[in-house]
Structure formats: C-alpha cells, structure tokens
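Remarks on the structure that follows.
The values are calculated or read from the model by the stated rules, or taken from the named source; none is laboratory data. Keep in mind that what you see is a predicted model, and the values were worked out from it rather than measured. All Cβ positions, glycine included, derive from the backbone under ideal geometry; neighbour counts span all protein chains shown.
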Amino acid sequence: MMIGKATQEVFDFYRQYLKEHGESPSYREVGKALGRDVRNVHYHVKRLELAGCIKRRPGYRAVEIKDEEFGSFLPTEQRSFRKDLFDYLQQINRSLLASSASPEAVEAQIEKVNELRKKYL
C-alpha cells in the first residue's frame, strides 16, 4: 500500500521523535508539531498501520515503528536500550582511539566492542 505525503510526514515525525526521546509521541504531540487535529493524526496512524509501517499496542504512546535495519518491530523499551548501547559503544571507540594505548590493546578492545555490537544491535 502506498502512503501519501501527509501520512509520510506523520511517519517521519514518529521516527524522529523515537530517536530523540526513546518513546513514541502522543497523538496530541504529533498534531501540535505538524499543525494537525488529533483526529487527523489518528487517521494517518491507521493508514500507517494498514501499510505495515507501524504497529499499535493498547495504551498511551504505544506505537512501534518497523526497524529499518532488521525489518521487524521493536518495542519502545528495546529500541531505547539499543540506542543507549550504541551510544555507549561509540563512546568506548572514541576513548580508545584518543588514548595512547598500544595498537594491540586498541585492536583487542575494538574486537570486543564489535562483538557486543553484533550481539545486541
């Protein structure tokens, strides 16, 4: 199913909000940000669900977006965990590169980080 421009804008807002906040926005927050009525946001969320781009669960802030990398839906909590872990791994990589450790020690740490990345991301 194809989605229209307005529906794509709602989807893009959800994706960006999830990246920044680790949870989905409320319909009211989406409406306020995009200048839309809450009923209009609900309509577009239903369209996104029919298109297979999102999943709605019962409850507040309960929209899951299809993971771009794996093609599966991740609960908000798992998505937030993955983001935190990825940020932590990047921080380790930067500190290793900035340190004056021997090349062998740096390589060993980078391998450990890559193993964690493969396992959890």
**Prompt:** Among the residues of the stretch 1-15, which ones are aliphatic (A, V, I, L, M) and either over 13 Å from residue 49 (Cα atoms) or touching a helix residue (DSSP H, G or I) at 6+ places or on another chain (Cβ under 6 Å) (or both)?
**Reply:** 1, 3, 6, 10
**Asked** (1) surrounded by 19 or more Cβ atoms within 10 Å (Cβ to Cβ); (2) of a type outside the set (Phe, Trp, Tyr); (3) in contact (Cβ under 8 Å) with a residue 60 or more places away in the chain: which one isn't true of residue 45, the others all being true?
**Response** (3)
**Fill in**
Note: among 52, 4, just one is under 30 Å from residue 118 (Cα atoms) and out of contact with any Phe, Trp or Tyr (no Cβ under 8 Å at 6 or more places or on another chain), namely 52
**Request:** Scan the helices (runs of 4 or more DSSP H) fully inside the stretch 5-116 and keep the ones with 1 or more residues being at pLDDT 80 or above.
**Result:** 5-21, 27-34, 38-51
**Message:** Which count do you get for residues in the stretch 6-33 that are in contact (Cβ under 8 Å) with a residue 24 or more places away in the chain and either touching a His at 6+ places or on another chain (Cβ under 9 Å) or not hydrophobic (A, V, I, L, M, F, W, C) (or both)?
**Reply:** 13
**Request:** Determine the pairs where a residue that is farther than 10 Å from residue 93 by Cα, located within the stretch 104-121, has a partner that is exposed (fewer than 12 other Cβ atoms within 10 Å of the Cβ) and at pLDDT below 70 with Cβ atoms under 9 Å apart, the partner being 6 or more residues away or on another chain.
**Result:** 105/99; 121/69
